[in-house]
Amino acid sequence: MAKRILGSMLFLLLGMVSFTFLSGLKVEAAERVHTVSSQETVESIAAIYDISTEQLMDMNGLPDGKLYIGQKLTIQTAYTPSNYQWSERGKQIGNYAKSFIGFKKTAGEETPIKGFDSSGLIHWVLSRQKVPIDRLSVEGYYKQGMDTNTPKAGDVIFFLEKGSSKVVTAGIYLGGNQFVNSGYGAETVQVRSTIEKYFAQYQVEYKTYTPKGEHVVQNNETLKSISDNYGVSVDTIKKRNALPTDSLMQGQYLQIYSSPLYPFYANQEASYDKAFDVIKYAYTLRGFTYVFGEYDPMIGMDCSGFIYWAMKEQGISLKRGSAADYYSLLPKLRDPKAGDLVFFRDTDLSQEITHVGIYLGDGRFIHTTRNTGVHISDLTSSYFNKKFESFGQVQINNMD
């Protein structure tokens, strides 16, 4: 592969760039609810509200085009950039659970057609959201998943008798003390609250269930303990995540199995020798926070700091620069490869190059922003399409 020099980055002066989304990007439109009627399809409902079928499915966590009469679909027209971030997947799980409000409660059942009991609702929602989970009782589910002290939408909430591990009921947590439940005190699936008299008498615990192949690093976990848990060698986990050392950071997302959860780069040509390693490592940092002027994940990173850290950790030596600095040094191109950079202009009203991310392929890129932290976004969204400036060709020479 012909290689152009990015070595001039060694002479960059420290530069910092602020990236602030315009209010229209993160502020969501008022939610509307559409109740599915006979003969309606994902396509026909999307057409009514002038949104894409993909938007409609993402908003409601729909795993496919199958709809059920009576489902309540959330309609939003504002673009949320973090469709692929962990917290956004949790919101999709919660929204999908809410779409079954009013469906009947039926003991021992687990489908919209026959109805749900509390564990059946959990099984249906999580399995349809590509979270592999066996059909168990609520007690069985309590023994699985990862404990979390910071519950978020999409987690499973459990109610236990105080002072014991006996589980009374469970549901899909929505945040703000609310959860979706098909259990006590109602004949249908309902949104309930932890402060209701019945539920308030119990001890509350939360579990996070991850899609197969991705593990969220918890406090005090090691590569060895994760390796033992999954039966996958330490070396394999390091390779699949391009981990530069054995050290882990709480909150990292580790790919455990061979197929990446977000395989945008998998069939792409790499821009430079270590491009895939940079991307794999960048994936582990999804959800880490934005802090202006910083580049350390444990403190926070701005957009250019994220680029600097991901490359530095893969042995690519470059000076810490701003988005504009990196833009000025790289050849521009129309057809990017995996690992190339993507630049945006006027994201903070300055009329300059103000934002940068790493191109993944399939129109996606990974970056960090003030409101969302590190996440994956789509170049075809109305916001990023409008702010897009160019791709920058990254080819490293003698920098390994």
- Message: Go through (1) of a type outside the set (G, A, S); (2) more than 26 Å from G213 (Cβ to Cβ); (3) in contact with a Gly (Cβ under 8 Å, 6 or more places away or on another chain) for D155 and report which single condition fails.
- Response: (2)
- Message: Just the residues that are free of Cβ contacts under 8 Å to residues at least 60 places away in the same chain and among the polar types (S, T, N, Q), please, taken from the range 305-345.
- Response: S328
- Item | Subset of the range 187-201 (residues that are crowded, with 18+ Cβ neighbours inside 10 Å and charged (D, E, K, R)) | R192
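Under the condition of being open to solvent by less than 20 Å² (accessible area, probe 1.4 Å) and not aromatic (F, W, Y), which residue from the range 154-166 is nearest to N177 (Cα to Cα)? Steps first, please.
Taking the range 154-166 as the starting set, the residues that turn out to be open to solvent by less than 20 Å² (accessible area, probe 1.4 Å) are 154-160.
Add one more test, that the residue is not aromatic (F, W, Y), and what stays is 154-157, 160.
Numbers: G154: 13, D155: 12, V156: 12, I157: 10, L160: 16 Å.
So, considering only residues that are open to solvent by less than 20 Å² (accessible area, probe 1.4 Å) and not aromatic (F, W, Y), the one nearest to N177 (Cα to Cα) is I157.
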- Out of the range 170-186, which residues are open to solvent by 10 Å² or more (accessible area, probe 1.4 Å) and modelled with pLDDT of 90 or more? Y173, L174, G175, G176, N177, Q178
- Query: Taking T148, is it over 30 Å from L285 (Cβ atoms), open to solvent by less than 30 Å² (accessible area, probe 1.4 Å) and polar (S, T, N, Q)?
  - Reply: no
- Message: I'm trying to understand the selection: among the residues of the range 27-64, which are at pLDDT below 80 and open to solvent by less than 60 Å² (accessible area, probe 1.4 Å)?
- Response: A29, Y49, I51, S52
- Message: Of the residues Y383, Y359, only one is part of a strand (DSSP E or B) and either free of Cβ contacts under 8 Å to residues at least 24 places away in the same chain or open to solvent by 10 Å² or more (accessible area, probe 1.4 Å) (or both); which?
- Response: Y359
- Message: For the range 253-274, give me each residue that is in contact with a helix residue (DSSP H, G or I) (Cβ under 8 Å, 6 or more places away or on another chain) and open to solvent by less than 50 Å² (accessible area, probe 1.4 Å).
- Response: Y253, L254, Q255, I256, P260, Y262, Y265, A270
- Task: Go over the candidates Y206, Y230 one by one and state the one that is surrounded by 18 or more Cβ atoms within 10 Å (Cβ to Cβ) and modelled with pLDDT under 95.
- Result: Y206
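The values are calculated or read from the model by the stated rules, or taken from the named source; none is laboratory data. Nothing here was measured: the structure is a model prediction, and the numbers come from that model. Positions of Cβ are backbone-derived with ideal geometry, glycine not excepted, and every protein chain shown enters the neighbour counts. In case anyone asks, the SASA skips ligands and DNA or RNA and just uses the protein heavy atoms, side chains included. Shrake-Rupley method; radii C 1.70, N 1.55, O 1.52, S 1.80 Å.
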